[in-house]
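Please read the structure below before turning to the comments.
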Amino acid sequence: MNVVRRALIALIAQIALTLTSHSAASAQDQRLSARLDKPTLGAVSAIVDSARIAKLPTAPLVDKALEGSAKGSDGSNITSAVHLLFVRMGSAKKAIGPTATADEIKSASDALDAGVSVRDLARLRAAAGKRPVTMPLAVLSDLILRKVPISTATDLVVQLARSGVKDTDFALFNRNVRADIDRGADPTVAATTRARGLMPRGAAESKPSE
């Protein structure tokens with residue numbers, strides 16, 4: 001009886017998940033059809049369907065298309081931007097692993113867009129172990145946005161992840177670096193100094209080996 005009950009519960013859960021997925025997909029389709037012309041809608045929908053089959057998050061693609069529409073971009077530019085994001089997310093997933101969450105894939109895609117290499121995404125994934133990398137990736141992208149050189153930002157975030165820094169400390173680190181830069185500090189000095197304060201002495205004094 002317990003075996004039958006467990007199987008029934010699993011079946012109900014699967015049906016619920018399927019219904020939820022179809023509902024979300026329908027909502028996305030309605031948002032797109034309300035904003036895009038038919039040729040663009042067809043092209044974007046095909047990309048979204050490909051992402052769904054590849055088990056990539058589809059919401060960022062829909063948002064990208066809607067963003068382009070809101071800015072008045074033409075259909076070809078919207079389709080191109082959505083396709084580029086699809087490709088980046090595919091590369092991101094390969095770099096950080098098949099079990100990556102939608103949030104991790106999106107953050108990794110943003111990091112790629114900021115100039116981080118696929119190799120360095122894999123380095124960060126390895127440094128973090130089994131811990132989620134959404135926050136470290138978001139911090140990495142923000143450091144680069146604030147003019148910390150890509151190589152420096154990447155090495156610092158990898159070192160922090162390898163040291164076991166928690167998401168709350170990553171967030172605090174990022175806020176402190178922002179504040180230092182806003183007060184006129186050199187971005188590289190600000191990031192390096194703040195990171196050194198979070199790392200164990202041995203890690204802080206050693207030069208990145210990768």
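Bear in mind that the values in this text are calculations on the coordinates, not laboratory data. Quantities reported herein were computed from a predicted structural model and do not represent experimental measurements. With ideal geometry, Cβ positions are generated from the backbone for all residues, glycine too; neighbour counts draw on all protein chains shown.
Among residues other than Thr168 whose Cβ falls under 14 Å from its Cβ, what is the net charge (Lys/Arg +1, Asp/Glu -1)? Computed value for this residue: +1.
Think of the range 100-210 as having a plus end and a minus end, set by charges on the Cβ of Lys, Arg, Asp and Glu; of Ile181, Leu145, Ala114, Ile181 sits farthest toward the positive end of this dipole. Note on Asp74/Ser117: beta-carbon distance plugged into 1/(1 + (r/R0)^6) with R0 of 25 Å gives a FRET efficiency of 0.20. The distance separating the Cα centre of the range 143-161 from that of the range 80-117 comes to 18 Å. With both labels modelled 7 Å from their Cα along Cα-to-Cβ, the Arg196 to Asp63 distance reads 3.6 nm. For the pair Thr168 and Arg183 in one chain, pulling the backbone fully straight at 0.36 nm per residue adds 3.1 nm over the alpha carbon distance.
Here the label points at Leu145 and Arg52, each 7 Å from Cα along the C-beta direction, are separated by 3.0 nm in the simple model. Per residue, the convex hull spanned by the alpha carbons of the range 100-210 comes to 88 Å³.
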